[in-house]
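The values are calculated or read from the model by the stated rules, or taken from the named source; none is laboratory data. Only a predicted model underlies this, so the values are computations on that prediction, with no experimental measurement involved. A quick note on method: Cβ atoms are made from the backbone with ideal geometry, for glycine too, and the neighbour counts reach across all protein chains shown.
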Amino acid sequence: MDPADAHPFPPAHALRSRRLLLGIPLTVLAQEAGLAPQVLDAVERGDYDPRSLHTLARRVLARVLDLDL
């Protein structure tokens, strides 16, 4: 089993849906996670593999969006 598969990242639509449900603007979340807004947008569209995000960004997204990353 690939270690990356042990804790699969939620589907891209789940990230965007959760962010919108919480009323968090993309630019605000991106800044807090230390990401360019374009990168976070690409993650939410499924165009960017979120496993390649730096650890701090993954932790911030997990905490703010209350998702298991």
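Structural remarks
- Members of the stretch 10-25 that are part of a helix (DSSP H, G or I), under 12 Å from the mean Cα position of the chain (by Cα) and under 12 Å from L65 (Cα atoms): A14, L15, R16, S17, R18, R19
- Criterion: charged (D, E, K, R), in a loop (DSSP other than H, G, I, E, B) and modelled with pLDDT of 90 or more - qualifying residue of D47, D41: D47
- The residues listed here are R59, R16; of these, the one that is modelled with pLDDT of 90 or more and surrounded by 15 or more Cβ atoms within 10 Å (Cβ to Cβ) is R16.
- Contact map, the stretch 46-69: first residue more than 15 Å from R18 (Cβ to Cβ), second residue part of a loop (DSSP other than H, G, I, E, B), Cβ cut-off under 8 Å, separation 6 or more or different chains; pairs are R51/F9; L53/L35; H54/G34; L56/G34; A57/G34; A57/L35; R59/L69.
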